[in-house]
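Trainee: Have a look at this one.
The values are calculated or read from the model by the stated rules, or taken from the named source; none is laboratory data. Please read these numbers as outputs of a predicted model, since none were measured by experiment. Note that each Cβ is placed from the backbone with ideal geometry, even for glycine, and that neighbours are counted across all protein chains shown.
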Amino acid sequence: MATYQELFDLRHNHVLLDKVTMAVIVAAETVFAELGGTTNHANRIIWAREASIKPREMAGVFMSAVLAANKSATTGNIVGAADNAIQTNVNDVIDDFANGNEVLG
């Protein structure tokens, strides 16, 4: 299990940040393809637009959620997580950030 200090330090791990960045890009494309009746769709589209414009910055925002979701794993397991695991972590919290307000300004 990673310590809080180790989790904090992982926020700057480029391998993990690259994975989260790609997961944000994929999530944004998935949101663009959603049906209009999807719950919170309008706000999700706003989020997806911003994520598409600034995916690396958005990944920084989502990194905390990914790390918190995996707090019981080792740092090696977190950095070595499969793409689908990171994607699930990102997808699970989109609505937490998709509230119709610009996140990154």
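Trainee: Hey, any hits in the range 14-24 for a residue that's among the polar types (S, T, N, Q) and either surrounded by 17 or more Cβ atoms within 10 Å (Cβ to Cβ) or touching a strand residue (DSSP E or B) at 6+ places or on another chain (Cβ under 7 Å) (or both)?
Mentor: yes
Trainee: Which members of the range 53-67 meet the condition of being closer than 18 Å to Glu6 by Cβ and either free of Cβ contacts under 8 Å to residues at least 40 places away in the same chain or polar (S, T, N, Q) (or both)?
Mentor: Matches in the range 53-67: Ser64, Ala65.
Trainee: Cβ contacts < 8 Å: first residue touching a residue at least 24 places away in the same chain (Cβ under 8 Å), restricted to the range 37-52; second residue of a type in the set (Asp, Glu) and outside any helix (DSSP H, G or I), any location; separation 6+ or different chain. Result?
Mentor: Arg44/Glu34; Ile46/Glu102; Glu50/Glu102
Trainee: Related question: Go through the range 11-38 and give me each residue that's of a type in the set (A, V, I, L, M, F, W, C) and modelled with pLDDT under 95.
Mentor: Within the range 11-38, just Leu35 meets the criteria.
Trainee: Does Asn89 qualify as being out of contact with any Ser or Thr (no Cβ under 9 Å at 6 or more places or on another chain) and part of a helix (DSSP H, G or I)? Working first, answer last.
Mentor: Details: out of contact with any Ser or Thr (no Cβ under 9 Å at 6 or more places or on another chain): yes; part of a helix (DSSP H, G or I): yes.
Considered against the rule, which asks whether it is out of contact with any Ser or Thr (no Cβ under 9 Å at 6 or more places or on another chain) and part of a helix (DSSP H, G or I), Asn89 comes out as yes.
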